[in-house]
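Readers should treat all values here as calculations from the given coordinates under stated rules, not as data from a laboratory. This one's a predicted model, so the numbers in the text were calculated from it and none came from an experiment. Backbone-built Cβ (ideal geometry, glycine too); neighbour counts: all protein chains shown.
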Amino acid sequence: MNTAQRNAVVAMLKANKPPQDIQNELQVSVGEIAAVAETERLTAAHTKTTSPPAPETDSEMARAFAALAWAEESHTARIRNLASRTRAGLNEVLQFHRDAEKIAKAEGSVAELEQKLAQARARLRRLKGGKPKTATPRVQPTQEGPSKQERDQIRTRAREHGMPVSQVGSISKEVRDAWNQRPTATDAAARPTGGTSE
């Protein structure tokens, strides 16, 4: 609390304003207001406007802030420096507290939005689940090249006709062409026989 805020608190206390109004208007804590009231001897007048008596913890806080206010006005530099560090620490704690409140509020908003998003996704899944699914036709893999049995036959015939062919691996185009052009049983049946008919 700076000097301007302190003077404003004093003026508002003398005007018998409730502490909640002072806190909201000046952005100071209840303990700081109580400390100013005690140091300015406005406690009796101030308590007339408050309904329930302050708990013991509030009384201790009021004495602490009163001591801090006294230390800030001390003629001893060491005490003033200590009060300044204390005030800075309190302000830092207050800022941490404000930040924590903002984070908690933001996390609550995020949780609420995530819940709404999950509900929306569930509705979308239900809507999509009502439509018939079209089955994608499966393409049967085509067999490329001759089978193993046919490859063995190709190699056997190539060796019988003196053509070079490997035991394993790919078969050369020359050997495959010779296999494809071989005479078949159908060709033999269609071939005319020797002799003339009477």
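Counting other C-beta atoms within 10 Å, which of 96, 65 has the fewest, and how do the rest follow? Before the final figure, lay out the partial values.
Working: 96 10, 65 24.
The fewest-first ordering by Cβ neighbours comes to 96, 65.
Residue order for 175, 110, fewest other beta carbons within 10 angstrom first, comes to 110, 175.
Restricting the calculation to alpha carbons of the range 85-127 gives Rg and Dmax of 18.6, 62 angstrom. Neighbour counts of C-beta atoms inside 10 Å place 79, 171 in the sequence 79, 171, starting with the fewest.
Please identify the GluC sites (Glu not before Pro) of the range 66-100 that satisfy two criteria: DSSP loop assignment and at most 14 other Cβ atoms within 10 Å. Which are they?
Details: sites: 72, 73, 92; in loops: 73.
Those that pass, being in a loop and sparsely packed, are 73.
How about the range 54-123: which trypsin sites (Lys or Arg not before Pro) there are in a DSSP loop, with at most 14 other Cβ atoms within 10 Å of their Cβ?
Sites meeting the loop and neighbour criteria: none at all.
The distance separating the Cα centre of the range 1-36 from that of the range 89-133 comes to 36 Å.
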